[in-house]
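The values are calculated or read from the model by the stated rules, or taken from the named source; none is laboratory data. Computed from a predicted structure; not experimentally measured. Positions of Cβ are generated from backbone atoms using ideal geometry, with glycine treated the same way; all protein chains shown enter the neighbour counts.
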Amino acid sequence: MHSLYQRLKELDPDTFQRLCFHILKDRHPGLEVRHVEGASGDEGLDVFAGELSGKPAIWQCKSFRDGVGKSQKTQIRKSLRTALKHFTPSRWILCLSVGMDAKAHRWFERLKKTYESQVKIELLPNEEIVHELMYRRTLRNQFFPGAVIDITELKRLISGTGKMTLEELEKATDNNLEDIIERLTERDPRFKYQIIFDGDLGPPKSQHPVPAGLLMTISSGTKKLNVFERDIAALRSNPPTFSIEFKSTGIEKIVSLLNTGVAQEFTPDELGAMSTDFAFLSSATDFSGDKRLIVGPSPALTSRKRPVSVMFQRNGQTVQYGLMELRPIRAGAREGEFSLSGKQVPFTISFVSTLPPQRDVQATIHYESAGWEVRAIKKSLDALNLLRPSGELHIIDLETEKMFLSMTTDLPGESAKQAGLRTLANELVEIADRFRVNLILPDKLVRKDYETIAFLKRYIDGGTEEVKNVSVVLTKSEENKDSLPELFASGGGVFRFTHPRISPPPTLFGTLIDTGPVMEEVEAEIKDISATLGSFREAAVGAGVKMSFRPLAPMHFSLLAEDVTIDKIAFNAAQA
């Protein structure tokens with residue numbers, strides 16, 4: 001393993017990027033992970049997932065030989081700034097070929113804090129990369145041939161299987177695996193056993209969903225042993241036993257685990273003697289060295305989901321979600337936790353209750369607005385606001401059609417920030433509905449976003465704005481060459497400017513807004529009326545004449561009906 005750490009440090013930047021790409025490709029099979037060609041990447045990214053025009057996840061790969069010092073920190077900051085200049089990533093992950101000392105880790109934590117309003121910064125350190133390589137034989141041999149002893153080749157030499165044909169090896173392997181399973185069954189016939197080998201699936205993960213009857217999975221290198229129930233009656237009459245001694249702080253941890261169900265990790269100095277009549281665990285009772293024991297809620301518990309309907313109510317007002325999911329998080333002897341969430345709902349509510357349930361239930365709301373459509377945001381904010389300061393929450397089990405939970409809430413009043421977000425959501429939904437668009441809220445709103453929102457709201461609400469000067473170019477035509485000089489002779493009036501649509505169209509959160517017909521109206525006087533009318537009379541038909549106005553009152557903005565006919569003349573004027 002130590003040789004892998006050393007060889008990882010020796011990789012050139014381009015090779016390290018390609019190694020990271022293949023590891024990420026295997027770790028995230030559901031994502032379209034892509035590598036940017038070039039030894040130094042392009043525009044601040046080496047590997048990415050998602051659309052670059054949206055909110056991609058960006059991995060920046062840094063191959064350093066001598067740790068993370070001053071110059072390396074400068075390179076990391078420069079890469080981060082470059083990425084944020086060209087893109088709006090949801091996550092920026094730094095991949096390192098070397099480890100960081102305590103000082104470097106503190107610096108990285110400060111870096112994350114500095115940019116937390118712009119992007120979520122994460123770290124893929126060298127130890128995680130080595131951990132992945134330990135379980136990915138093909139990838140390890142491709143990038144680091146000879147870095148570790150090839151156990152497979154060694155076994156071939158010792159056993160002589162290297163001279164076997166594939167068919168002969170398959171037959172011998174089948175016989176050996178059958179023998180192993182038969183021996184396990186002879187030791188303990190209460191269970192059924194399944195053995196899986198693969199050197200490229202990566203570190204072991206919990207199985208979702210859990211196969212029916214699966215009781216336990218034991219992983220060791222490239223081998224995974226699945227243990228299933230066989231004789232339920234025998235298991236009930238003679239349940240298997242497992243005993244372990246806890247020491248020092250391990251005693252506090254195991255008590256906490258039993259009472260609350262919160263996962264705990266135990267180090268060797270917190271563990272004592274261990275014994276079990278699980279035959280297949282006979283080799284897993286030694287926790288010397290750097291081994292750890294992690295005990296937490298079973299996937300069989302946390303993968304359970306219950307479809308529910310949820311109502312938020314206060315003073316006769318109701319917001320309802322027809323379908324959400326309720327699932328347990330943990331369960332102990334004295335305390336349990338379950339969560340309420342939904343695929344189309346931008347919040348999760350966690351409920352913590354004593355067991356058995358008593359009068360008070362602690363609820364924590366985890367809210368996320370970035371990346372959600374504004375109508376979903378508005379509905380969720382309206383729903384949560386009904387719980388403040390005191391409202392009702394009702395959860396109905398859709399399978400039994402019975403009330404699962406009915407509670408009265410006691411929450412602090414809406415903060416200024418929460419009220420501001422709800423006002424913003426209302427305005428965005430009004431814009432989205434009026435112009436028939438879908439608007440996805442970004443991680444951070446910039447000044448241009450607020451200006452565009454105010455601009456569009458001014459037309460929707462028929463608002464006004466103080467303006468200092470209005471200039472237009474009037475095209476002289478056969479229809480207006482005689483009438484307009486007479487109309488403008490007084491030098492002032494109420495002028496109405498109409499357009500088929502605002503051009504160029506405004507953009508909000510990357511979405512073009514087609515406003516349709518609009519109108520601006522203002523009481524004004526024409527600047528330098530004599531010179532302007534003289535220029536108009538002298539201009540040829542078809543020529544444009546610039547006219548400037550001095551507003552006498554605020555300009556009024558409005559949207560026109562979609563079927564309105566817009567006059568070809570640039571504006572209409574009516575005398576005051």
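When we screen 401, 414, 368 for residues that are out of contact with any strand residue (DSSP E or B) (no Cβ under 6 Å at 6 or more places or on another chain), among the charged types (D, E, K, R) and on the phi > 0 side of the Ramachandran plot, the only hit is 401.
The combined condition, being at pLDDT 95 or above and touching a helix residue (DSSP H, G or I) at 6+ places or on another chain (Cβ under 6 Å), is not fulfilled by residue 310. Of all residues in segment 374-413, those satisfying the criterion of being within 18 Å of residue 441 (Cα to Cα), surrounded by 17 or more Cβ atoms within 10 Å (Cβ to Cβ) and out of contact with any Pro (no Cβ under 8 Å at 6 or more places or on another chain) are 374, 378, 379, 381.
Mind telling me which of the residues 429, 470, 446 ends up being buried (at least 17 other Cβ atoms within 10 Å of the Cβ) and either modelled with pLDDT under 95 or touching a Gly at 6+ places or on another chain (Cβ under 6 Å) (or both)?
470
I'd like the residue in segment 327-370 that is closer than 23 Å to residue 55 by Cβ and in contact (Cβ under 8 Å) with a residue 60 or more places away in the chain and, out of all such residues, is surrounded by the fewest Cβ atoms within 10 Å (Cβ to Cβ). Of everything passing the filter in segment 327-370, 370 is surrounded by the fewest Cβ atoms within 10 Å (Cβ to Cβ). Candidates are the residues of segment 371-395 that are without any contact (Cβ under 8 Å) to a residue 40 or more places away in the chain and within 19 Å of the chain's Cα centre (by Cα); the one that is nearest to residue 339 (Cα to Cα) is 380. When 137, 156 are checked against the criterion of being basic (Lys, Arg), within 37 Å of the chain's Cα centre (by Cα), more than 30 Å from residue 234 (Cα to Cα) and at pLDDT below 80, a single residue qualifies: 137. Selection of first residues in segment 190-207 that are modelled with pLDDT of 70 or more and of second residues that are among the acidic types (Asp, Glu), restricted to Cβ pairs under 7 Å at least 6 apart or on distinct chains, gives the following pairs, ordered by first then second residue: 190/231; 191/229.
Of all the listed residues (396, 377), the sole one being farther than 27 Å from residue 259 by Cα and assigned to a strand (DSSP E or B) is 396.
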